[in-house]
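Trainee: The structure's right below; bear with me while I get my questions together.
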Number of protein chains: 2
Amino acid sequence: MDVRALETLRTVRSQGGVGAAAAVLHLTPSAVSQQLAALSREAGVALTERVGRGLRLTAAGDALADAAVDVAVAVGRARAACASFLGRPEGTVRVSAFQSGAQLLLPPLLTRVRALGGITVECSDEDVAQDDFPALTDRVDVVVAHRPEGSAEWPGSPSRLRVVPLLREPLDVAVPADHPLAGRERVRAGDLVDEQWIAVREGFPVATVLAAVAAGPGTAPRIAHRINDFSVVEAMVAAGHGVSLLPRYTAGRSPGVRLLPLAGVRAGRRVDALLRPDTAERLVVRRVLDELVAVAAEAGGAPVRAASGAGR
Amino acid sequence: MDVRALETLRTVRSQGGVGAAAAVLHLTPSAVSQQLAALSREAGVALTERVGRGLRLTAAGDALADAAVDVAVAVGRARAACASFLGRPEGTVRVSAFQSGAQLLLPPLLTRVRALGGITVECSDEDVAQDDFPALTDRVDVVVAHRPEGSAEWPGSPSRLRVVPLLREPLDVAVPADHPLAGRERVRAGDLVDEQWIAVREGFPVATVLAAVAAGPGTAPRIAHRINDFSVVEAMVAAGHGVSLLPRYTAGRSPGVRLLPLAGVRAGRRVDALLRPDTAERLVVRRVLDELVAVAAEAGGAPVRAASGAGR
DNA sequence: ACCGACGTTGTAGCGTCACTTCATGGACGT
DNA sequence: ACGTCCATGAAGTGACGCTACAACGTCGGT
C-alpha cells in the first residue's frame, strides 16, 4: 500500500483519466495503469471500471481515494513536523493565478516572500474555466481562483480541497469616458438596457453575473464580444465597442474608461486560494499562504477574514 | 518519505533500539540503520542521537514518530475502506494474553470467531512485566494485559496505544481449605497479619496490590515465595505453604483452596486489550476485538462498557 | 585501567521492483 | 468502415533496498 500509488489513484480521480494523471505525475500512462493494477490486486477489489474509452473509479476506488487523501495529509504533517525543526522554511512553492488576480497579487507577494529569504516562488498564470480550477491543484501548490459571489462553494471542499478566502472584489460597469453615463456616481441596472456587452467566454467565472445584472426584465443581455483578458476588454470599451463588467481593484487603469459602481444589485466576485489538503500541510506553503493573505488584505481594502495559515 | 521507514522509526522508539526493532520487523540491524539514515537525510535533521552504546530519538525524531503514527492510522483506514467492500473480513489476527487471562478468555474467543468463519486467530501467551505490555503490540495485534486497579493508565494512550477495557476482576485472598479463616464469608486486612504470602515477581502486575492490602500498619507483608503461575500458587496454598491474592474468576478451581472476598479494601485488577492505533483500524482486528469484548462481558459478570469496536 | 562483549555504522554484492519503450485491443467519431 | 484516442499488456533496463561481513565506539566486569 504505497503512498505513491495512493497519490496516483487520487490524481486519476481528479484528472479523470490515466493519461491526464500520467502527464501531471510526469509518468507514462503505462506506469499509472500498472500502479492501479497493483493497488487493485492488493486491495482485492476492482478500483476502476471501464466506461467508454476511458475509465471511472468504482465505489471501492472512490472510498480508497478518499482514504488516500487522509494518508497524504498525514504524510504532509510528518514532513512539516521535520521542517519545523529546521531553521526557517526553505524550498519552492508553485503559485498560479488567473490574469487579473496575478496582476494584482503576485508582484507584492514576490517582494514580501523575497524579504523572508530562502523561499522560491514559481509563478504561472492559468486561465481556465471555473470548473477546472480545482484540478490545477495537482500541478500547482497554490491556485488563486475566482468565482461569482453567491455561487456554490468549490466542489470537494473541504475533504478534497482546502479553500482560503483572499478577498471580495466588487464588479463595476466599465463605460467609455465619453459615454453619457460616464459622469454619474453610480448606475442602476435599468440604465444599461440597450447597451452592447463585452463578456468573458462561456463557463468562465463571472460570466453568470452578467446575465443577472445586465438583463432587463425577461430579456437577455446583448453580448457583442467575448474577451477573457481584461486589458483587452478595457481597450475595446475605451474605443466605444461596448460596455462590460470589470473588477474594481484590478481594472480601470486605462484613461479612456470609467468604472461606475452598481446600485441596487450586489455584484462581485470572490477570490480564493485553492490547495490540495496535503500540500496545505507543507510548512513552506503555509508560509507563502500567510503572505498571500496579507497581500490580499492590503489590495482588497478591508481584510476578508483573520485567516492565519491554512486555517488549521 | 516511505511508510515502511516511518514504521521502522516508530518501532525503534517503542522497542528502544535498532537491534530490537530489527528483530520485530524481521530485518537485519543494518537495514534498520540504513532506513533511519535515509529518513534523516530526507528530513534534513538528525532523528537519532547516540546515548551510551544505544541510541535515542531526538526531539525531531520523536515528533516525526508521532506523525508516523497518524500516517499508519491513515493507511490502516485505507485498507479497512477496501476490506469493507469485500464480502466478510478475512485474514489472521495474532492475539496474546497473560496466563490467567488466556485461560479465561481465549478458548471462548476461538469458538466464537470460528463461528464467524474466514478469520484465523493465532494465540500466544506472553508473561511480561507490566511495563513491557505496550511493546508487545509491535509483535502481536491484540495484547490482553492487566494492571492493578487504580494504577496509572497505560503510557502512550491514546496517541500511541489504543486501550479497550475488557473486565474488572476482584482479587480475593486464597487460603487453604483447612485454614482457620476458611469458613468466613469475608476477611479484613487485620485478619491476615502474621501470614506468609506468596506473591508474583517484582514488577509484574498486581505485585503492588499486595503491599497495600497485606501490610499491617507500617509493616511490610512477609513474602515467602514469588510465583507467577497462578495454578502453581494454588497448589502451594493448598499444601499450606502460605496465602495469596488471586483473581476471583480465573482462580480458585482447586478443591484445597478457598477464596475469601476482602472487606474494607477495594482490591482488583483491570484487564484491558492493548492495540497499536494502526492495527486497531484493521477490519479483521476490530471484528475479533468485538468478540473479545463480548467474551469478557460473559466471563466477568457484568459488562464493563458497551464498547463497540475499537471505540472509534 | 584493561579487556571482553554488545550494538551500531559503513561497504560490497545481490535480488527485486518499478518505470520506459513498444505493441495490442477496444470504443467513439467521421 | 476507417482513423484516432485511450487504456492495457510484455520485455528490457535501471535504481533502490536488503543481506552479509568488517570496523569502530562504548559500557560493564575484573
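The values are calculated or read from the model by the stated rules, or taken from the named source; none is laboratory data. Because the structure is a prediction, the values reported are computed rather than measured. Note that we place each Cβ from the backbone using ideal geometry, even for glycine, and neighbour counts take in every protein chain shown.
Trainee: Quick check on segment B:60-71. Is at least one of its residues within 14 Å of chain A (Cβ to nearest Cβ) and within 12 Å of DNA strand C (Cβ to nearest atom)?
Mentor: Within segment B:60-71, one or more residues are within 14 Å of chain A (Cβ to nearest Cβ) and within 12 Å of DNA strand C (Cβ to nearest atom).
Trainee: All but one of (1) surrounded by fewer than 15 Cβ atoms within 10 Å (Cβ to Cβ); (2) not assigned by TED's automatic domain parsing to the domain that holds B:Leu106 hold for B:Val187; state the number of the condition that does not hold.
Mentor: Of everything listed in (1) surrounded by fewer than 15 Cβ atoms within 10 Å (Cβ to Cβ); (2) not assigned by TED's automatic domain parsing to the domain that holds B:Leu106, B:Val187 misses just condition (1).
Trainee: Residues of segment B:140-162 being under 20 Å from B:Val288 (Cβ atoms) and of a type in the set (Asp, Glu), which ones?
Mentor: B:Asp141
Trainee: Answer yes or no: is there a residue in segment A:94-106 that is at pLDDT 95 or above, within 16 Å of DNA strand C (Cβ to nearest atom), within 28 Å of A:Ala129 (Cβ to Cβ) and hydroxyl-bearing (Ser, Thr, Tyr).
Mentor: No, there is no match, as no residue in segment A:94-106 is at pLDDT 95 or above, within 16 Å of DNA strand C (Cβ to nearest atom), within 28 Å of A:Ala129 (Cβ to Cβ) and hydroxyl-bearing (Ser, Thr, Tyr).
Trainee: Of all residues in segment B:8-35, which are within 10 Å of DNA strand D (Cβ to nearest atom) and either within 14 Å of chain A (Cβ to nearest Cβ) or part of a helix (DSSP H, G or I) (or both)?
Mentor: B:Thr8, B:Ala22, B:Leu25, B:Pro29, B:Ser30, B:Ala31, B:Val32, B:Ser33, B:Gln34, B:Gln35, listed by residue number.
Trainee: Looking at A:Asp62, A:Asp70 in this structure, which one is within 16 Å of DNA strand D (Cβ to nearest atom), without any contact (Cβ under 8 Å) to a residue 60 or more places away in the chain, under 17 Å from B:Ala78 (Cα atoms) and charged (D, E, K, R)?
Mentor: A:Asp62
Trainee: Tell me, which strands (runs of 3 or more DSSP E) lie completely within segment A:45-149 with 2 or more residues that are crowded, with 22+ Cβ neighbours inside 10 Å, among the small types (Gly, Ala, Ser) and touching a strand residue (DSSP E or B) at 6+ places or on another chain (Cβ under 7 Å)?
Mentor: A:91-97
Trainee: Looking at segment B:16-33 only, could you name the residues that are more than 9 Å from DNA strand C (Cβ to nearest atom) and under 20 Å from the mean Cα position of the chain (by Cα)?
Mentor: If the condition is that a residue be more than 9 Å from DNA strand C (Cβ to nearest atom) and under 20 Å from the mean Cα position of the chain (by Cα), then B:Val24 is the only one that fits.
Trainee: Determine whether B:Ala5 is more than 9 Å from DNA strand D (Cβ to nearest atom) and part of a helix (DSSP H, G or I).
Mentor: no
Trainee: Check whether at least one residue in segment A:44-51 is more than 14 Å from every other protein chain (Cβ to nearest Cβ) and within 16 Å of DNA strand C (Cβ to nearest atom), and report yes or no.
Mentor: Taking every residue of segment A:44-51 in turn, at least one turns out to be more than 14 Å from every other protein chain (Cβ to nearest Cβ) and within 16 Å of DNA strand C (Cβ to nearest atom).
Trainee: Also: Within segment B:72-93, track down each residue that is within 8 Å of another protein chain (Cβ to nearest Cβ) and of a type in the set (D, E, K, R).
Mentor: Once the filter is applied, which keeps residues that are within 8 Å of another protein chain (Cβ to nearest Cβ) and of a type in the set (D, E, K, R), segment B:72-93 yields B:Arg77, B:Arg79.
Trainee: With the structure loaded, tell me whether A:Arg41 is within 16 Å of DNA strand D (Cβ to nearest atom), at pLDDT below 95, outside the structural domain of A:Val285 (by TED's automatic domain parsing) and not in a strand (DSSP E or B) or whether it fails that test.
Mentor: Yes, satisfied.
Trainee: Continuing with this model, one more query. Pairs only if they're at least six apart or on different chains, beta carbon under 7 angstrom, first in segment B:20-42 and more than 26 Å from B:Asp132 (Cβ to Cβ) and without any contact (Cβ under 8 Å) to a residue 40 or more places away in the chain, second assigned to a helix (DSSP H, G or I) and more than 10 Å from DNA strand C (Cβ to nearest atom); list them, first residue then second.
Mentor: Correct list of pairs: B:Ala38/B:Ala5; B:Leu39/B:Ala5; B:Leu39/B:Leu9.
Trainee: Please give the number of the condition A:Ala174 fails out of (1) touching a Ser or Thr at 6+ places or on another chain (Cβ under 6 Å); (2) at pLDDT 95 or above; (3) within 21 Å of A:Ser231 (Cβ to Cβ).
Mentor: (2)
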